[in-house]
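Data first, discussion second: the structure below is written as structure tokens.
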Amino acid sequence: MLKKAKLSLALAALLFGLTASPAHATPITGAFSIFGNFMPVNGVTGAVTSLSTATGIDFLALFGSTPTPGTAGQFLVSAASGNFSGLTGALGTIQDFSFAGPGSTNFKNPNLVGPIVAFQNVLGTTFTLASVGPASVQTVNGISMLTFTGSGYFSMNGFSNTAGSFGFTGNGAGGTFSFSSSNLAAAVPEPASA
């Protein structure tokens, strides 16, 4: 009987030890680059504008040129590394949004309304856009370039949500617009335990 009690106590201690330790999910590592088409818009009205007056982005179908306010556009993953390697060549979706001003229902500004969940989605891997930095526009020889960065987090099956960033470059000439973007997962190291 004493042997059985000791065995039960040892088993309980072992089970408690296994369940009491914190779970350590693996952070996502790597980066990927995408490209597609868009229209620069007024983030409140959705009206197409020039790059220099735009406050929002209307992402289009991969081979489209017709505005689709409030409808997710498409992108193609052109290169990927780390845990994102399997995304190369995949088609994904990206939500319209506003990067300046109050935004609207179709063009949410994450700086004002909070994160845009699943802002990008490719094969179930998502990037939630939490904030956007200030935009910069340059025009050289008739070609305009709009750039800005954003931050948020990546979600991928089998990994913990991981902080990340989104860098956007949009180009426009003669009424046509295309974008490229790079995304980086940046795991934040856990603090050292005492």
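Computed from the coordinates by the stated procedures, all read-outs in this text should not be read as laboratory data. Remember, it's a predicted structure, so these values are computed and weren't measured experimentally. Cβ sites come from the backbone with ideal geometry, for glycine too, and all protein chains shown count toward neighbours.
Pop the C-beta distance of Ser52 and Ser182 into the FRET formula with R0 = 30 Å and round what comes out to the nearest 0.05. Computed FRET efficiency for Ser52 and Ser182: 0.80.
Over the stretch 81-194, the alpha carbon radius of gyration divided by the compact-protein estimate 2.2 N^0.38 Å works out to 1.19. At 1.306 mPa s and 10 °C, plugging the Kirkwood radius over alpha-carbon pairs of the stretch 118-166 into Stokes-Einstein gives what diffusion coefficient in µm²/s? Translational D for this selection: 128 µm²/s.
For the pair the stretch 66-144 and the stretch 172-187, the centres of their Cα atoms are 8 angstrom apart.
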